[in-house]
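Undergrad: Right, I'll just put the structure down here and ask away after.
Each value in this text was obtained by applying a stated rule to the coordinates, not by laboratory testing. The structure presented is a predicted model; accordingly, all values stated were derived computationally and were not measured. Heads up, the Cβs are rebuilt from the backbone with ideal geometry, glycines too, and the neighbour counts pull from every protein chain shown.
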Amino acid sequence: MKKKLLLSISALFTSMYLFAQITVSNTQTATQLVQNVLMGFGVTASNISVNGVPFSANNVYPNITYFNAGTTSFPIQSGVLLTTGNGSGAVGPNSSGSFTANSPATPSVATDPHLNAIIPGTTPLPTNGVVLEFDFVPAGDTISFKYMFGSDEYPEYANSSFNDAFGFFLWGPGISGPYVLAGYPNGGQTLAVIPGTTIPVTINTVNPTQNPTYYNNNLNGAAYGSAIQYDGTTVLLSANASVQCGQTYHIKLAICNVSDQAFDSGVFLQANSFSSEAVQVNVAPTVAGDTNVYEGCTQANISFIRPEAQINDTLIINYSIAGTAIAGVDYNTLPNPLTFLPGEDTITLNINPIQDNISDNNEYVEITVTTISQCGDTIVSKGTLYIVDTIPINIVETDKLVKCINDSVLVTATATGLFPPFTYNWQGGQTGTTAYFPTVQNALTGTLNYIVTATNSCGYSAVDTVTITLNQTLIVDTILMGPATCDPTGYVSAMIQGQTTTPQHGVYYQWTNAAGNNGPTASVWDQIPSGWYYIHVEDAVCTVEDSVFVDIMNPPVANFTVSTTSGCSPLNVTISNSSQNTTTYAWNFGNGNSTTVTNLDPINQTFNASGTIQLIASQSPTCSDTMEVAITVNICGCTDPSATNYNSAATVDDGSCTYPFPSAEAPNVFTPDGDGANDVFFISTKNATNIELTILNRWGHKMFEGSSLNPAWNGKAQNGSDAIEGVYFYKYTVYGPNNQQVEGEGFLQLVR
């Protein structure tokens, strides 16, 4: 008898994936599941039956159910699920290596000769399982659908007598094989075979040691996160057969336990994949074993497989690309259309996701191909690939309890997830799965946290924290401090508690100041100046350290204000001194002048260039304070190069710019006869930035209008004809560099 296995709590949560669970519902009848869910383009189904006892009066079964993958990483988004136990037993996470869900009672199936033929030599099949059968008419010369088989028999009962069986058996015109069924003298064949062979897919033919290319390990959710319960599955496979367009066929989809009724198995049938004559779009298994690819880490192939009826012709297909992922941004650009040459049945495109370091999970690429079958039906085939930019990595670390603060603590961390091996980087620079950390001073009780980062071979990382808990008895309870003046009149005193002593070892003290000089080996240090002081205490068990700052009474404070901090050269500044607890004032004005005074009188200084005023206010030769203020001096003048008084050295415009006034002069006659002399009428100007010119005839009709630096009339009307000889009226406005205006008007004589 098979021994039940119980996993520890730590094993159940080794893989902390972010993905959700699939959902399973048994609200639809078997007929609805076949007609509305399983069927795709180019196929019609009829005479649907189930070899089992209905779960309820409405022909709904607990082991023929609908499933939906939602936002999980499971490769099939939705479809029909056939199980040996209740369909709800397939719902993740993978919390048990021996999951069985046979309550309430599932539909029974008697010993099935076709399933027995797949696994010869086994004991008769038990009573739990299901057989779904129906007739169908294909629109083309091929039939196919996609599926995945999963089981809790994996991996420990692979290659044993617990070889849970499933099969897809097909009978009809042109079909022959060893599977006998009344009304079909040529027998039938099974479609669930290892690609490129006639070997049926079973637990004993696809597992970690047999055909491992087609196997995915899901222990602790390794393959699909928390999506499904089964310990292992096949990859996404395709069942295919050659058929005759418009003929009636019979198919049987069956699954059952072998040797016992424990450890559930199930087969997932992809929604709308039961189709005929389409150019198939298959997403090939990736490194991760599913339809997910990881940015900067893995690639995937999308294969286009055409019907056998077209194998001898040249076929050009156009396909559409949809989805949230963008070609050229999220993945490489793909060629379109594709050309099948005679004898070529498959074209494979490589999809390589682009690492963009943007958190945009659940992007996907959907490729759709539309073909016309031999029977004239329009058939659509789709393939979907999901691009993932985060890989869940779980870190298991050790936490430690420390009794003595000077202990050096060994901590460890190990990571699990996709694409090992992992590298480890600890806070502070240590690497590897282990690290040594000294405990931190002044944290006698409570927790210390150290961060470790685990990175997989693709560069994806996770962060966790190792916690060291401190519980030390020796502590510095109180440090007393007496403030100092500018003379060394301060003191410090340490009071401890929780000490442990022996005849050989008492309590020892050692003081140190900020300069690193040692003080007395006692609990008190007096006659000290202001500053930081550090105490080191040692008893027979541990050591502790603490510190205290000795304040200063009435310290010197340097302070002054200035009448202005910026202006034009020369800049006059008045400095007002308001320093406190000081008697001597050393000034450095930053303009070449300096002085030392003993009063607070205001000081006037002139600055021709920028500088910094510094004051050192002293209470005694060894006790002083410093303050600085920056003065910015600008060169002021006209900064506009078009002005008459432009100053190239000026850095600030003071509004003093002046500009030349424009002038204008107009002729009173011109001869547009094309001889090259006096052929156009224009305004002669000086210092102009723009000229507006208008010409009117004697009746006030506009002959010309222009606006530029040199508008000119060529003697033609606006329709392009030559203007007649005579007198014309003109008016103009000339603009100068500072928007000055000169206006004028007059009469001119046109002579030809």
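Undergrad: By average Cβ neighbour count within 10 Å, what is the ranking of 190-198, 327-335 from highest down?
TA: Most protected by this proxy first, the peptides run 190-198, 327-335.
Undergrad: Still on this structure, please answer the following. Which value in nm describes the separation of the simple spin-label points at residue 565 and residue 469, placed 7 Å from the Cα toward the beta carbon?
TA: 5.3
Undergrad: As an exercise, use a Förster radius of 41 Å and the Cβ-Cβ distance of residue 336 and residue 95 to find the FRET efficiency, rounded to the nearest 0.05.
TA: Efficiency, from the Cβ-Cβ distance: 0.40.
Undergrad: Sticking with this one: Could you list which residues have their amide H under 5 Å from that of residue 690, counting only those 5 or more apart in sequence or on another chain, with H placed in the peptide plane?
TA: Close amide H contacts, sequence-distant or interchain: 735.
Undergrad: Within 10 Å, count the other beta carbons around each residue, average over each peptide in 592-598, 582-588, 494-500, 92-98, and list them highest first.
TA: With the highest mean Cβ count within 10 Å placed first, the list reads 92-98, 582-588, 494-500, 592-598.
Undergrad: Further question on the same structure: Relative to the Cα centre, what is the charge dipole magnitude of the chain, using +1 at the beta carbon of each Lys and Arg, -1 at the beta carbon of each Asp and Glu, and rounding to the nearest 20 debye?
TA: 1240
Undergrad: Which residues does the label zone of residue 642 cover in region 656-696, counting backbone N under 20 Å from a point 7 Å along Cα→Cβ?
TA: 656-665, 683-693
Undergrad: Here is a follow-up. Under 14 Å from the 7 Å Cα→Cβ point of residue 390, by amide nitrogen: which residues of region 73-90?
TA: Under 14 Å, as judged by backbone N against the label point of residue 390, lie 73 of region 73-90.
Undergrad: Computed from these coordinates, which is semi-axes √(5λ) of the Cα gyration tensor in Å: [x] 54, 33, 21; [y] 44, 35, 23; [z] 80, 63, 17?
TA: [z]
Undergrad: Where does each of 638, 568 land when they are ranked from fewest to most other beta-carbon atoms within 10 angstrom? Before the final figure, lay out the partial values.
TA: Details: 638 20, 568 14.
Placing the least packed residue first, the sequence is 568, 638.
Undergrad: Nearest 500 deg cm²/dmol is fine: what mean residue ellipticity at 222 nm does the chain get from its DSSP H runs of n ≥ 4 alone, each adding -39,500 (n - 2.57), divided by its residue count?
TA: Helix contribution divided over all residues of the chain: -500 deg cm²/dmol.
Undergrad: Once the Cβ-Cβ distance between residue 301 and residue 398 is put in as r, and R0 is 51 Å, what FRET efficiency do you end up with, to the nearest 0.05?
TA: Details: r = 42 Å, r/R0 = 0.83.
My answer for the efficiency is 0.75.
Undergrad: Given R₀ = 22 Å, FRET efficiency for residue 731-residue 669 by Cβ-Cβ distance, to 0.05?
TA: So, using R0 = 22 Å, E works out to roughly 0.80.
Undergrad: What value in Å³ per residue do you get for the convex hull of the alpha-carbon atoms in region 663-750?
TA: So the per-residue hull volume is 88 Å³.
Undergrad: Then there is this: Given labels modelled 7 Å from the Cα in the Cβ direction, how far is it in nm from residue 677 to residue 532?
TA: For the pair residue 677/residue 532, the computed spacing is 9.6 nm.
Undergrad: May I pose another question? Farthest toward the dipole's positive end in the chain, which of 589, 634, 162, given Cβ charges of +1 (Lys, Arg) and -1 (Asp, Glu) about the Cα centre?
TA: Of the candidates, 162 comes out farthest on the positive side.
Undergrad: Next question. Just rank 480, 181, 38, fewest to most, by other beta-carbon atoms within 10 angstrom.
TA: 480, 181, 38
Undergrad: Would you list 136, 704, 747, 145 from fewest to most Cβ contacts within 10 Å?
TA: 747, 704, 136, 145
Undergrad: Taking 7 Å along the Cα-to-C-beta vector as the label spot, tell me the residue 27-residue 504 distance in nanometres, rounded to one decimal.
TA: 7.9
Undergrad: Can you count the Lys pairs in the chain whose Cα atoms are under 24 Å apart, with each pair 8 or more apart or on different chains?
TA: So the count works out to 6.
Undergrad: Please sort 690-700, 387-397 by packing, taking for each peptide the average over its residues of neighbouring beta carbons within 10 angstrom, highest first.
TA: 387-397, 690-700
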